[in-house]
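The values are calculated or read from the model by the stated rules, or taken from the named source; none is laboratory data. The shown structure was predicted, so the numbers you read here are calculated from the model rather than taken from an experiment. Cβ atoms come from the backbone with ideal geometry, glycine included; neighbour counts cover every protein chain shown. The accessibility values were calculated without ligands, DNA or RNA, using every heavy atom of the protein model including side chains. Shrake-Rupley method; radii C 1.70, N 1.55, O 1.52, S 1.80 Å.
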Amino acid sequence: MSELRVLWMPLAVAGLAVLVLLVDVLAPPDRTARTGRALGWLVAAGLAGALGASFSVDGSGRAALGTYDGGAWTTFVQRLVVGAALLGALGALDDVAARTPKRQGEYWLLLLASLLGMVIVPGARDLVLLVVAFELMGIPLYVLAAYAKNDRTVDGAQSRAGEAAFKLYVVGAASTAVTLFGLALLTGMAGTSSLDGLAEAPATPLGTLGMLLVLGGIGYKIGMVPFHMWVPDTYEGAATPFVAFLSVAPKVAGLSVLALLFVSGLGVHRGAWLPPLGLAALLSMGVGNLLALPQTDLRRLLGYSGIAQMGYVLLAVAAGDAMGVGMTLFFLAAYVVTNLGAFLVVHAASGGGRGHGLDAMHGLFRRAPFLALALLAFLLSLAGIPFAVGFWAKLYVLLAAWRAGLAGLVVAGIVLAVLGLFYYLRVLQAAYMIDEEGERATPRASPALGLAIALCLAAVVGLGLWPAPLVDAASRASVDLVHPSAPVARR
Amino acid sequence: MSLASCLLLAAALFCVGLYGLLARRQIVAILLSIELMANAANLVFVAFGHYRGGALGQVFAVFSIALTVAEVAVGLALAMLLYRRHGDSRVELASEMKR
Amino acid sequence: MTPTTLALTTLVAPASAALVLAVVPGLRSRGWPAAALCILASVVSLGAALGVLSGCLADPTPSVLAVPWLRTSSVTVAEIGVRVDGVVASMLSVVTLVALSVQVFSLGYMHDEPRPAFGRYFAYHALFLLSMDVLVVAPNLLQLFAGWELVGVTSYLLIGFYYRKPSAARAAVKAFWVTKFADMGFLAGLLTLFVASGSFGWDAHLAPGTATVVTLLLFFAVVGKSAQFPLHVWLPDAMEGPTPVSALLHAATMVAAGVFLVVRADPLFAQAEATRTVMLVLGAATALFAALLALVQTDIKKVLAYSTCSQLGYMVAALGAGSMIGGFFHLTTHAFFKALLFLAAGSAIHAVHSNEIGDMGGLARRMPVTGGAFVVGALALAGVPGFSGFFSKDLVLEAVEGKLASLPWAALLATAFLTAFYMGRVVVVAFFGAPTGEKAERAHEPGWSMRGPLVVLGVLAAGGGVFAAPFAHLYGREYHFEMGVGPSLAAALAIGGFGAAYLVFGRAKGAPLPAPLALVDRVAKTSIVNRVYEVGYRRVALALADGLAWIDRYIVDGLINLLGYGTLEAGARARAVQTGLAPDYVLAAMLGVAGLAVWAVLR
């Protein structure tokens, strides 16, 4: 019975999915449009409930023969992904209802399925469970990316969602194969698939090779260089509310896996994985910032910006100690609200045929001051300007890396972050300083979308003014993970 | 036959699959190549299982097969989508977004 | 409600008003909703402040409600929140009361402004009240500094309200610039304090040398904010702002913030006798100097501006003499009667459409409430017995007496005479006698929104003396008053000053100034202090700036442009890597994998 308590979050998400399925199947066929909308609100309410419950239900302990752990680390990451899903659901509600009124249930089911994978991932302490959950997270995302397949874009061309999904898929499937290969080598050499067992196993060349291959596989999910090339195309082609979710949630799950595998389970092998990780971080910051500069499509711009942000957070992972892991969590939390909000604002501003280019932002301050204000907060947070939460996130990440001795990377990070300022401010310039002639439609956010944006804005500003509680929570969650001495197998 | 030669075979399979992924122009061929790469991994699982003993290798291989199947199903659906869009399934047709 | 939650309310109310006015479209452009919201917030604030005050009178123990804000690895460096004690309670009440009076007055005074400007004005007022409250309730010097800076910004917005007028824009910039310059002292002082004591609180024990350094630096900021010599130059220019703004900022609140800082950080200043001596000397000197300048002004607002400088000098001197109560009580009474004077002046200005006293005359008969208010304010300012200013000035004089061979005391007494004299001049020339033109003849009393605050403040200015005892009680002291030598002398000087003014100015209108005054006038017209700043600014600072600008434009900018161009080019070229073909993406990924594999094998 206590096993059920430990597994409460995955069970809750699965239960919500079943509920959605039942409602969708049993609803009268002539009311599918209304039912679909109701389903969307149901999902949002269920996720909100799960999020709230995570603060009172204590799921600590092991379950499923020790392969799942429900402690503080797991709970923190679960809250992040559930929160991201909640915001993504609110943001996508009207979009889904407008696009495919008769098949909304599918969207919600796929979203919840992916979420199920995401809530299991941080708790997985066995590689089999981990890879299954990881794939469970990824496969529905391929389908969801293609959701807008029947759209027409601004200039009448057909939607490129199919292409977006295809690129996501091809790189993803190849990475899965790589990951599986690496896992095979790793578990084969170590003789066990449990993470605790792996920590105790000696380092062998093949095992190290396996581990690094796994790094490659995870790197794809988080958009790390050189596994990043799908990011701008997928962000451009898929439906923007979905991209908002895609740009944050898998990254949270992927980075939590990275931290889990490399800092806790295999921390003793730090000498092996630090240089590639550091190089990947450096390249991500460089490539992301550099290639964002010439972008005029906001979705691609935010895509490259996300790659750069991943570079920053990898610095904290590379630090390899408790503070590094804690600051990774804090950064991820800040990143979720910031990036999701930014994409939702882009989506809101693109309504009525305005498109997603920089010129869609012209005159935003006048036509939709609330959206412009939210955009300001999110971009300042991404750029790392006080006092949005992104400032604290960057600061703490750089501090953690500095403390761990990665001085060169920190300096590079600061320099490259300055580049970021340029393209973020260019968007703000378009929104605040350039006005447009002509009468294009005023951007408007529906209630659900507006609510999601408002929640993100409140979080960015609130946490920016008062980050202390979140920092504390992240530190507490990471203590759970990092063993100060040689890893001890848990009983 | 030793463990080493099994692993080498798996590596060779992986590379063949990789080559196919990179060189072929038809989407279905690309999907086949991905399958090949995944099966190379399965071979490694099974090889270790055989030479090390224990059930882990087999178990993992079964899971791996199941995951790959799910993935390929989605991949085929996406291939269908692109085929319906363009009337052909060459990968160049799915490269409108760039830079 | 606990005192701290009430104090928090004084913050939340104007903050909410300001936020709503900033975000909700249409409120400001329509004008009256902004005014309503702002005044509502001020009423709530005032109620809460009075609640805090009554709570403190009953129980003066301080209480703090704060949360940790700045942390470094589990050590809390600074908190933000509210602190309630006697000082806070009285200051909050004064600030909110005067703010509300000014805002109500503005309803009538700014009535002719276009609606969007009207709305903008009240939005600024809400922001200002918020800033001032943040400053007053600060539990440590860091938050006080934050409020200080916010006050600076909002006062810039208010002074420069008529931003289309070049002189107004310049005045706002000058005010901002001078106070910002002085704020460097605050920042330096804060940092020194932190390095020496590890926190931003004012109850630290410092080594005498350190205490002197810290307090001197803080006092430098006070010199700027409270317009003491030589950083007083911005205050007369700041009269370009709307008169109600002058009443609020330059009578009661913003300039008083400097004095408030010294009161607040009293434990620090108590450890630095040297700084106190400096304050005593500078305060007395400023008081005298400013009073002389006030004598020769023809613009009624400028008279009041220099008068404010002078009275602030009184407060600074009292604090320098060690009497926190003296300085602070005078701040309180000054807030009431100076605001009253400014508002009454505003009413007069509004009636005759001119700031010059030469354009007024005989207003008392035509505008009895305004005239009465101004006279009451003048009597209180001069320290005529019975009015509030008399009691507060007495406390100041009492504190200063005997220090430094009583020279400051003598200076302040002389100033008292001059104060009565120049105020008497204004009263006589502007409000009595015959009107000097048809504008003055047609002057009439303004509406109730402008008269109401005059009455309220008038009562407080006249009868504020009764507050002395409870005031002292808030600080655990006893107050007793006796009509001894000092007070009698001061009273005589005050009455004498009015008499002299009547004699000199009441008789011949338009007669040339008597000799001593003419001399002062000549000196004042050279405005030597402003000249010094101007030369320094033009010759030295601008020349330096030109040189640096050349370096900046051609060398630094050139370098940056090169870097920027290079980066953009790199970005544009690098884009080509994204070919759009999915297999190419996988290739890149696999190259990465290969790299990892090679690395793994090599290790």
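Okay, here's what the table says:
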| read-out | value |
| --- | --- |
| Residue count for segment A:356-371, restricted to those that are more than 11 Å from every other protein chain (Cβ to nearest Cβ), within 22 Å of residue A:451 (Cα to Cα) and open to solvent by less than 20 Å² (accessible area, probe 1.4 Å) | 4 |
| Exclusive hit being assigned to a helix (DSSP H, G or I), open to solvent by 50 Å² or more (accessible area, probe 1.4 Å) and either farther than 30 Å from residue A:103 by Cβ or touching a residue at least 24 places away in the same chain (Cβ under 8 Å) (or both), set A:51, A:19, A:39, A:11 | A:19 |
| Count of segment B:1-18 residues which are more than 24 Å from residue B:78 (Cα to Cα) and either in a helix (DSSP H, G or I) or facing chain A (nearest Cβ under 9 Å) (or both) | 12 |
| Set A:427, A:389: member being open to solvent by less than 30 Å² (accessible area, probe 1.4 Å) and more than 13 Å from residue A:345 (Cβ to Cβ) | A:389 |
| Any chance residue A:225 is within 7 Å of another protein chain (Cβ to nearest Cβ) and of a type in the set (A, V, I, L, M) | no |
| Residue B:35 more than 7 Å from chain A (Cβ to nearest Cβ), touching a residue at least 40 places away in the same chain (Cβ under 8 Å), more than 19 Å from residue A:210 (Cβ to Cβ) and among the acidic types (Asp, Glu) | no |
| Residue A:123 among the small types (Gly, Ala, Ser), away from chain B (no Cβ under 14 Å) and out of contact with any strand residue (DSSP E or B) (no Cβ under 6 Å at 6 or more places or on another chain) | no |
| Count of residues meeting criterion [modelled with pLDDT under 70 and hydroxyl-bearing (Ser, Thr, Tyr)] in segment C:493-526 | 1 |
| Filtered residue count, segment A:91-105, keeping only those that are part of a helix (DSSP H, G or I), touching a residue at least 12 places away in the same chain (Cβ under 8 Å) and open to solvent by 10 Å² or more (accessible area, probe 1.4 Å) | 4 |
| Residue in segment C:273-293 that is in contact with a His (Cβ under 9 Å, 6 or more places away or on another chain) and open to solvent by less than 10 Å² (accessible area, probe 1.4 Å) present | yes |
| Scope segment B:66-94; condition touching a residue at least 24 places away in the same chain (Cβ under 8 Å), more than 7 Å from chain A (Cβ to nearest Cβ) and either buried (at least 17 other Cβ atoms within 10 Å of the Cβ) or under 18 Å from the mean Cα position of the chain (by Cα) (or both); matching residues | B:68, B:72, B:76, B:79, B:89, B:91 |
| Among (1) in contact (Cβ under 8 Å) with a residue 12 or more places away in the chain; (2) farther than 26 Å from residue B:81 by Cβ - the single one residue B:15 does not satisfy | (1) |
| One residue from C:443, C:430, C:399 being of a type outside the set (Phe, Trp, Tyr) and assigned to a loop (DSSP other than H, G, I, E, B) | C:443 |
| Yes/no for residue C:80 being open to solvent by 60 Å² or more (accessible area, probe 1.4 Å) and on the phi < 0 side of the Ramachandran plot | yes |
| Residue ranges of helices (runs of 4 or more DSSP H) in segment C:1-75 with at least 2 members free of Cβ contacts under 8 Å to residues at least 60 places away in the same chain | C:3-23, C:32-58 |
| Residue check for residue B:21: free of Cβ contacts under 8 Å to residues at least 40 places away in the same chain and facing another protein chain (nearest Cβ under 10 Å) | yes |
| Pick from segment A:172-189, criterion touching a Ser or Thr at 6+ places or on another chain (Cβ under 9 Å) and β-branched (Val, Ile, Thr), ranking: surrounded by the fewest Cβ atoms within 10 Å (Cβ to Cβ) | A:176 |
| Selection from segment C:395-448 of residues that are open to solvent by 30 Å² or more (accessible area, probe 1.4 Å) and basic (Lys, Arg) | C:403, C:439, C:442 |
| Selection from segment A:280-293 of residues that are open to solvent by less than 30 Å² (accessible area, probe 1.4 Å) and facing another protein chain (nearest Cβ under 9 Å) | A:280, A:289, A:291, A:292, A:293 |
| Where a residue in segment A:159-183 is more than 7 Å from chain B (Cβ to nearest Cβ) and under 22 Å from residue A:214 (Cβ atoms) and its partner, wherever it lies, is among the basic types (Lys, Arg) and open to solvent by 10 Å² or more (accessible area, probe 1.4 Å), with Cβ under 9 Å and at least six apart | A:172/A:221; A:175/A:221 |
| Hits in segment C:472-485 (condition: open to solvent by 20 Å² or more (accessible area, probe 1.4 Å) and part of a helix (DSSP H, G or I)) | C:473, C:485 |
